[in-house]
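Just below is one structure, and these are the notes that go with it.
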Amino acid sequence: MAHIKSFPANAPIQEAIGFPGELVEDWHDKAIAKMGDLLGKYRSLKVFMDACVHCGACTDKCHYFIGTNDPKNMPVGRQELMRKVYRRHFTFAGKYFPALVGAVDLTKELLDEWYSYFYQCSECRRCSVYCPYGIDTAEVTMAGREILDTVGYGQKYTNEIMGKLHRIGNNLGLPGPALEDTLQGLEEDIFDDIGVPVKLPLDLEGAEIMLVTPSADFFSEPHVESLIGYAKVFHAAGVKWTLSSTASEAGNFGMFIGSYANMRRAALRIRQAALELGVKRIVVGECGHAWRVAYSFWNTLTGVGAGGEDPFSIELQKQLDPRYPAPQHICEYTHDLIQQGKLKFDKSANDHRTITFHDSCNVARGSRMGNTPGGQFTIPRDIIKAVANNYYDMAAETIGEGTFCCGGGGGLLTDDLMEIRVKGALPRMEALNDVVKENGVNFMAAICAICKAQFTKVVPYYGFDMSMIGGVHQLVSTAIVLEVPEETESAEEA
Ligand code: SF4
Ligand code: SF4
């Protein structure tokens, strides 16, 4: 699959996020130096380079290998692209007896292969679950991409989005006034639909909660249905909440670029907005990698540690609510209210749906929910079962920790990678097909904007209707029962 290549970024895109505009002349030396730098910084990377015993346990665990049969899409094959260069430059045997230990120099041809295959990995971590040494190919991929960026060989899709986020505040480039308009329109739609003045406030100072959510939630189907669901939950809870016009994006493509500096800059933007609005808590919407970054990295990315003085330090959030260190996932928030009996549902409103749930890889293997191990698997399912009558899981080996990536995660959600996206979706589509045939499933819920966007594009290739894809809070939105006030004639008036 070496022929599958996404478009490289041009100079303005690269330079906007701190990388050289084009392949630098001394790219070889720079790449090796960067590799040395990363090996020194991330001990795990060095362990991953040294520890593989070529046992083969991971070979058939990657959805891109299953979909393409290309040995370089085996996790170990992907690692080997970097490992053979590592051996050449960072091991004694590789320096002096390269042919004996399979060590090679980094040629331009090999650099091109890196570009192809490190963008045919969605950083989903499935392979690491099956590796007896816990080798995480996602980290190798991130390192590979960071080296590529450093020498001026970045990917257009991810890097352009990163720049847009820094410049405007969200991945779509939606400016504040347009966002305000959109939210107003949604309030009117909800009022027309159910007669309840559900608000979607923007930049509301002193709110208790600031919601950060993927910007896809603001305007495209099926994502927007989940945003309406969050708003209805906040309304039912009677909580003051807000969105921010300057931090209107939960997604953090710094993770896909493999750039800690960019990931940090994006995280600090959210922190800054929360401080300016004076909120007590940040809640993250249905976005897989945003939750992975928020849950696993925010406390260190913001650079303030757990000292207790910063409002977003984990220690302080624990004092506010010991069950939830900051931030909180919208599913945790809704689940909590359900457990307390604070939300009312008419489950029959979802009776036209027979539902299954796709565990998004960044939530399943990169983060957690709630205060019990495995909460990230039970919480969304509990919510679905609280709001709908007909639910069926897909085959056990394809869900939970062993879930298959949608095929479009990790910076692959671009049309120039459609071939690998369709092929990489194969294992998930096969599992879906089984549950459709056996149980008549007609709706697959996910809590990740990338999963939803990927599935709506690829399910038609497998003979399904794209309308079968949606969010967990879309189901919540359908079933939640809100009190209809008397004598209110419009959303604006309310
Ligand atoms: S896509 Fe997932 S399973 Fe495949 S190599 Fe990358 S991290 Fe491993
Ligand atoms: S499972 Fe682990 S040790 Fe075995 S080949 Fe794969 S990466 Fe190497």
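Quick note: the coordinates plus some simple rules give every number you see, no bench work behind them. Treat the numbers as computed from the prediction; the structure is a model and nothing was measured. In this analysis, Cβ positions are derived from the backbone assuming ideal geometry, glycine residues included, and neighbour counts consider all displayed protein chains.
Odds and ends about this structure:
- The alpha carbons of segment 324-435 give a radius of gyration and a Dmax of 15.8, 47 Å, in that order.
- Sites Tyr133 and Thr246, calculated FRET efficiency, Cβ-Cβ separation with R0 30 Å, nearest 0.05: 0.10
- The Kirkwood hydrodynamic radius of segment 372-434, based on inverse pair distances between different Cα atoms, is 13.5 Å.
- Once the Cβ-Cβ distance of Ser467 and Asn10 is raised to the sixth power relative to R0 = 41 Å, the FRET efficiency obtained is 0.65.
- Binned Cα-Cα distance frequencies in the chain - 20 Å width, integer %: 24, 56, 19, 2, 0
- Distance from the alpha carbon centroid of segment 196-222 to that of segment 339-379 works out to 20 angstrom.
- Relative contact order computed over segment 328-429 (Cα-Cα under 8 Å; 6+ residues apart), in percent: 29 percent
- When +1 charges are put on Lys and Arg Cβ atoms and -1 charges on Asp and Glu Cβ atoms, the dipole computed for the chain relative to its Cα centre reaches about 2200 debye.
- For segment 226-232, the Karplus equation 6.51 cos²θ - 1.76 cosθ + 1.60, evaluated at θ = phi - 60°, returns couplings of 6, 4, 4, x, 4, 4, 5 Hz by residue, with Gly and Pro reported as x.
- Neighbourhood net charge (10 Å Cβ-Cβ; Lys/Arg +1, Asp/Glu -1) for Thr213: -3
- Across segment 108-249, Cα-Cα pairs more than 27 Å apart make up 43 percent of the total.
- Charge sum, other residues only, whose C-beta stays under 12 Å from Arg126's C-beta, Lys/Arg counted +1 and Asp/Glu -1: -2
- For segment 1-51, the alpha carbon convex hull comes to 133 Å³ per residue, rounded to a whole number.
- Förster-model FRET efficiency, 41 Å R0, Glu221 and Glu113, C-beta, rounded to 0.05: 0.60
- Using C-alpha pairs under 8 Å with a sequence gap of at least 6, the mean separation divided by the residue count of segment 186-270 gives a relative contact order of 32 percent.
- For the chain, the relative contact order is 17 percent, taking Cα pairs closer than 8 Å that sit 6 or more residues apart in sequence and dividing their mean separation by the residue count.
- For a label point 7 Å along the Cα-to-beta-carbon line of Thr300, residues of segment 257-271 with backbone N under 19 Å: 257-269, 271
- Scanning the chain for GluC sites (Glu not before Pro) lying in DSSP loops with no more than 14 further Cβ atoms inside 10 Å, the longest uninterrupted stretch between such sites is 26-204.
- Projected over every direction and averaged, the convex hull enclosing the alpha-carbon atoms of segment 1-152 yields 9.0 nm².
- The alpha carbons of segment 6-85 occupy a box of 41, 31, 19 Å along the principal axes, longest dimension given first.
- Ascending count of other beta-carbon atoms within 10 Å, so fewest first, for Ser244, Ser367, Ser44: Ser44, Ser367, Ser244
- Distance histogram for segment 369-485 (every C-alpha pair counted, 5 angstrom bins, percent rounded to whole numbers): 2, 11, 19, 23, 21, 13, 7, 3, 2, 0, 0
- Over the chain, dividing the summed -39,500 (n - 2.57) contributions of all DSSP H runs of at least 4 residues by the number of residues returns a 222 nm mean residue ellipticity of -15000 deg cm²/dmol.
- Loop-located trypsin sites (Lys or Arg not before Pro) in segment 320-415 (DSSP state not H, G, I, E or B) with no more than 16 neighbouring Cβ atoms inside 10 Å: Arg323, Lys342, Lys344.
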